[in-house]
Amino acid sequence: MRRAFTLVDVFLVLALFCCSSWKVWSSTLCKETNLDKVRPHSVSITEFGAVGDGITVNTKAFQNAIFYLNSFSDKGGAKLFVPAGRWLTGSFDLISHLTLWLDKDAVILGSTNFEDWPIVDPLPSYGRGRELPGGRHRSLIYGCNLTDVIITGNEGIIDGQGSIWWSKFRNKTLDYTRPHLVELMNSTGILISNLTFLNSPFWTIHPVYCSQVTVQNVTILAPLDSPNTDGIDPDSSDDVCIEDCYISTGDDLIAIKSGWDEYGIAFGRPSTNIIIHRLVGKTHTSAGIAIGSEMSGGVSNVRAEDIRFDDSYTAIRIKTTPGRGGYVKNIYVSNMTLVNVDIAIRFTGLYGDHPDDGYDPNALPVIEKITIKDVKGENIKKAGLIEGIEGDNFVDICLSNIILNNVSSNYPWNCSNVRGYSDSVLPEACEPLKERIFPDHCSDCYYLSNPRESSSNRKRGAWFMSW
């Protein structure tokens, strides 16, 4: 079992990341964010008795500081400054119109005392804790019903010290579902940027039932064998932009979700209008970008561009199953580079995994209009494993300009219960996807218009392909 990430690991990763051509192209697909927003009131956590020695528990200091700053939320907002030091704390709540700022060499450490992570109700779109029936531990940094929240700094670090939670999971001694590192719920106008997140107990950044969320220029690290340490999981959220991120964890790097079986169907809030731009990372067990498997409220209008995954299990994955209901549609992935990836594209229609016996097995998901184009891969074991559901085909799956070299499998594509189209795919696509896109099926493919536009996009992304 690999040890948790340390500060030395972080510095090595950041050095490689910052020296790459990644930073050359600074254009953004995210809406303009006001990172330099001036808060008229500012305090340091030290003013509330916090001690940054990595030993003193500072939960009360964080709670008291934020309670004090709440009085300024209607007066232009406030800033909580965390200076250099190692600030051990249990879970604490944020407030609206707040900037949580971690200075250079500031490290917020999650407590290793389980009692410092309170139990809260399960999410209504899940009906229970994700791992166990009943409640769940609250995240280290938590906020609900908030507006205008910024979590940022000068390359500070938030470390969940998750190894104690991973051990309980492996030993099957959990009493409740593990906590996330950051969870914001029912909130609007969220910016998370310029920080490193380490060793989350469970999913790392989890915006759920949120709107207008930007996650920009963050690094997320956890051991490659750490259980369920997803990077960023937008969940029943809309208008989300994830840009300029490096993620290396033990599960999906980004997983887009929207509720679980009958609970997600009843709650009925989709994830939609999601941008993923300039993402680099690796995962040995899961996918670079996943949709599902909890997608019962629906997922649509996802645009992922300029992506690179190395030494990973799967690049793009859609996970669903009978009983989920919901839909995944209007998905566009382009300009993607893969090196040493086991499976480039994987759709799983029989994922299983239900919250209880109350799901409806006849609630079948709708999977349609998925476009993946302009992909270059080296040392790929399998090009695609695309498996729909019998009687519920995945349709309008469109593959364009995909060149995967050194594919080691004798059967590069396995496809069943799917229908779609392809152009310029090597190795040649499977039989259900062999019909040409152009000129007759452009309108069946999401975000594809004509070959000339595709060629233009390939030139625009050439810098990334050769990175």
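The values are calculated or read from the model by the stated rules, or taken from the named source; none is laboratory data. Since the model is a prediction, treat every value here as computed from it, not as a measurement. With ideal geometry, Cβ positions are generated from the backbone for all residues, glycine too; neighbour counts draw on all protein chains shown. Calculation scope for accessible area: heavy atoms of the full protein, side chains included, ligands and nucleic acids excluded. Shrake-Rupley method; radii C 1.70, N 1.55, O 1.52, S 1.80 Å.
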Across the stretch 342-388, the tally of residues that are surrounded by 24 or more Cβ atoms within 10 Å (Cβ to Cβ), among the hydrophobic types (A, V, I, L, M, F, W, C) and over 18 Å from C415 (Cα atoms) stands at 1
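Scan G323, G281 and give me the residue that is in contact with a Leu (Cβ under 9 Å, 6 or more places away or on another chain), closer than 22 Å to V218 by Cα and of a type in the set (G, A, S).
On the way: G323 fails: closer than 22 Å to V218 by Cα.
Being in contact with a Leu (Cβ under 9 Å, 6 or more places away or on another chain), closer than 22 Å to V218 by Cα and of a type in the set (G, A, S) holds for just one of G323, G281, which is G281.
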Restricting the stretch 26-45 to residues that are of a type in the set (V, I, T) and open to solvent by less than 60 Å² (accessible area, probe 1.4 Å), the one farthest from W87 (Cα to Cα) turns out to be T33
If a residue must be among the polar types (S, T, N, Q), open to solvent by less than 10 Å² (accessible area, probe 1.4 Å) and over 13 Å from the mean Cα position of the chain (by Cα), how many such residues does the stretch 219-275 contain? 1
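Just to be sure, is S163 surrounded by fewer than 20 Cβ atoms within 10 Å (Cβ to Cβ), closer than 17 Å to I220 by Cβ and either free of Cβ contacts under 8 Å to residues at least 40 places away in the same chain or of a type in the set (S, T, Y) (or both)?
On the way: surrounded by fewer than 20 Cβ atoms within 10 Å (Cβ to Cβ): yes; closer than 17 Å to I220 by Cβ: yes; either free of Cβ contacts under 8 Å to residues at least 40 places away in the same chain or of a type in the set (S, T, Y) (or both): yes.
Yes.
Within the stretch 361-374, is even one residue under 14 Å from G288 (Cβ atoms) and without any contact (Cβ under 8 Å) to a residue 60 or more places away in the chain?
If we filter the stretch 361-374 for residues that are under 14 Å from G288 (Cβ atoms), which is where we start, we get 372.
Now drop any that are not without any contact (Cβ under 8 Å) to a residue 60 or more places away in the chain, which leaves 372.
Within the stretch 361-374, one or more residues are under 14 Å from G288 (Cβ atoms) and without any contact (Cβ under 8 Å) to a residue 60 or more places away in the chain.
Given the stretch 210-261, what strands (runs of 3 or more DSSP E) lie entirely inside it while holding 1 or more residues that are farther than 22 Å from D310 by Cα? Walk me through it before giving the result.
Numbers: elements: 211-216, 219-221, 238-248, 254-256.
The strands (runs of 3 or more DSSP E) meeting that bar are 211-216, 238-248.
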Output for the stretch 97-127, where each listed residue is touching a Gly at 6+ places or on another chain (Cβ under 7 Å), assigned to a loop (DSSP other than H, G, I, E, B) and either open to solvent by less than 10 Å² (accessible area, probe 1.4 Å) or at positive phi (or both): H97, S111, W117, S125, Y126
Tell me, please, whether a residue that is in a loop (DSSP other than H, G, I, E, B), modelled with pLDDT of 95 or more and open to solvent by 20 Å² or more (accessible area, probe 1.4 Å) can be found in the stretch 397-405. no
Please pick out the residue among D306, D311 that is open to solvent by less than 10 Å² (accessible area, probe 1.4 Å), touching a residue at least 12 places away in the same chain (Cβ under 8 Å) and either touching a His at 6+ places or on another chain (Cβ under 7 Å) or under 19 Å from T219 (Cβ atoms) (or both). D306
Looking only at the stretch 314-336, count every residue that is buried (at least 22 other Cβ atoms within 10 Å of the Cβ) and assigned to a strand (DSSP E or B) and tell me the total. 12
Candidate set: the stretch 289-303, residues that are crowded, with 24+ Cβ neighbours inside 10 Å and out of contact with any helix residue (DSSP H, G or I) (no Cβ under 9 Å at 6 or more places or on another chain); chosen: the one farthest from Y447 (Cα to Cα): G292
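Going through the stretch 406-415 one residue at a time, which ones are surrounded by 18 or more Cβ atoms within 10 Å (Cβ to Cβ) and not aromatic (F, W, Y)?
Restricting attention to the stretch 406-415, the residues satisfying the condition of being surrounded by 18 or more Cβ atoms within 10 Å (Cβ to Cβ) are 407, 412-413, 415.
Passing the criteria: V407, P412, C415.
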I66 fails exactly one of the following numbered conditions: (1) outside any loop (DSSP other than H, G, I, E, B); (2) surrounded by fewer than 16 Cβ atoms within 10 Å (Cβ to Cβ); (3) at pLDDT 95 or above. What is the number of that condition? (2)
Among L174, L146, L132, which is surrounded by fewer than 16 Cβ atoms within 10 Å (Cβ to Cβ), in contact (Cβ under 8 Å) with a residue 40 or more places away in the chain and more than 20 Å from the chain's Cα centre (by Cα)? L132
Check on I150, more than 23 Å from C241 (Cβ to Cβ), β-branched (V, I, T) and modelled with pLDDT of 95 or more: no
